[in-house]
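The values are calculated or read from the model by the stated rules, or taken from the named source; none is laboratory data. Source: prediction; values computed, not measured. Neighbour counts run over all protein chains shown; Cβ positions are idealised from the backbone, glycine included. These area figures cover heavy atoms from the full protein model, side chains too; ligands, DNA and RNA do not enter into them. Shrake-Rupley method; radii C 1.70, N 1.55, O 1.52, S 1.80 Å.
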Amino acid sequence: MSPRTHTFVCPECRRSIEVDDEMRATLIETGCVVCGAPITEGDIGEPQTA
């Protein structure tokens, strides 16, 4: 089974990256890794199979 990925799009800097479930949780806790903006679950897309 392939890992699930999510598409994250920062609401501030508009940076888009694919993240796994673990990184998704980290982003929600700590914010965007590029600009530090707070992240909500709505900023991260539904899971997709890689």
Please list, ordered by first then second residue, the pairs with beta carbon atoms under 7 Å, 6 or more apart or interchain, first in the stretch 24-50 and over 12 Å from Phe8 (Cβ atoms), second at pLDDT 95 or above and open to solvent by 70 Å² or more (accessible area, probe 1.4 Å).
Cys35/Glu12
Taking the stretch 5-20 only, how many residues are loosely packed, with under 12 Cβ neighbours inside 10 Å and at negative phi?
1
